[in-house]
Amino acid sequence: MNNQMLKKFFVVSAIAAFTTPCFAQCTEAAAAKLPFVNVQTNSYKYIGTNGKENKANTEIMYNKMLEIHKLFDSAFKNITGMMGKWRAQVGNQNNEGFVKGVIEIAMQTITCDEKGEFYKSTGNPTFSIEVFVNGFEPWIFKDEKKAFGFTDANRKDSLNGHLLYVIAEKQKEDSFKGFPLYYSGWNRHPEQSVVIITKPNIPLFKPITIGEFVGLFRNWNAHYSPEKPGSPYKVTPAKIDKFVKENTKQFFEKPCITLWDRQNQIVYIKKSTFVDDATQGNPWVIFNPDYIEKDAAATSLQFISIEWHQGEDTVSKKAFNDFKNNFDFKKLQAMLGK
């Protein structure tokens, strides 16, 4: 089936799925019994790095994303009283040279309007999932945009050629199906979370040490100016040198996890701004050189991060429980490296 036929098929499916219930009188009980339908809409297919388009990679990655979506869709096959819309988009290459993609799944309960008809489009999903292939939810992991003012607009931060990341939201103490779990959003509700699916037994990240960070920060200092000249809060090379002399070698060998207010971007070079626990602060990391496959195709699946937002209504809670219990995370993990 070619792309035009595929798009036409989904449009017809959408019309059939979302209009069939209108011939029946809507009641709360009737809405609760409607089978779940998840329709593809606004499917975007694009790839470009520095303006260069690669159609072959686009098609390869897009087909892989369709297979990934089938895994997600199967988790909700027993849900009733809910509908969904989804789309997939192929993006640019990430900093390691692998093609990125995003799958968005927006689900909501089916309700009745004032005319007694099925009201199927509130534009306000009560349960949503975003799947980032070879990429991250932008708020959780920051690279060159990690902190305003750290560097100039044309320079990226790196350690021995590896781009530096900061984990912007704290990692949770618990995990999800054995995978690391992170907060998502400002209010840090437990039902708003991000989990990262990685290849087994190989850490995705390698932490940098406090000593490595302080050395980098001293070099960045000429580009970093969050405070006006003369401000007592301004970090200077002299202050950094004094900080190094006052602390031990063992301290500087610890992983760099900071407690700075990332909104105000005021950086305090003092011992109390570094913590030992990743659930208390923001770790600074690089990709583990042993994790990334050097000779893998650009469309290879290297890691997948999943973000979800769950509503408080009964149907959304049921959908989340089905997702948690029925989704085959190990099968998704088995797709990595392919």
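What follows is calculated from the coordinates using simple rules that are stated; it is not laboratory data. The structure displayed is predicted, hence computed values, not measured ones. Virtual Cβ from ideal backbone geometry, glycine too; neighbours counted across all protein chains shown.
Modelled spin labels at Y119 and K330, positioned 7 Å past Cα toward Cβ, are 4.4 nm from each other.
Placing dummy labels 7 Å off each Cα toward the beta-carbon, the span from E246 to A30 is 7.3 nm. Note on segment 306-338 and segment 54-95: Cα centroid distance 14 Å, given to the nearest whole angstrom.
Too long at a 21 Å Cα-Cα cut-off: which of K206/K324; K100/K177; K115/K318; K64/K85; K177/K331; K85/K318? Before the final figure, lay out each step's value.
On the way: K206/K324 29 Å; K100/K177 24 Å; K115/K318 27 Å; K64/K85 19 Å; K177/K331 12 Å; K85/K318 18 Å.
Violating the 21 Å limit, Cα to Cα: K206/K324; K100/K177; K115/K318.
For segment 205-215, 3J(HN,Hα) computed residue by residue from phi via the Karplus equation (6.51, -1.76, 1.60; θ = phi - 60°) reads 10, 10, x, 8, 8, 4, x, 5, 5, 4, x Hz, glycine and proline entered as x.
Three principal axis extents of segment 245-338 based on alpha-carbon atoms, in descending order, are 55, 45, 23 Å. Near the amide H of I110, within less than 5 Å, lie the amide hydrogens of M82, M83, all on another chain or at least 5 residues away, with H placed in the peptide plane. Label-to-label distance, D295 versus W260, with points set 7 angstrom from Cα along the beta-carbon direction: 4.1 nm. Computed from the Cβ-Cβ distance with R0 of 45 Å, the FRET efficiency linking Q280 to E59 stands at 0.50.
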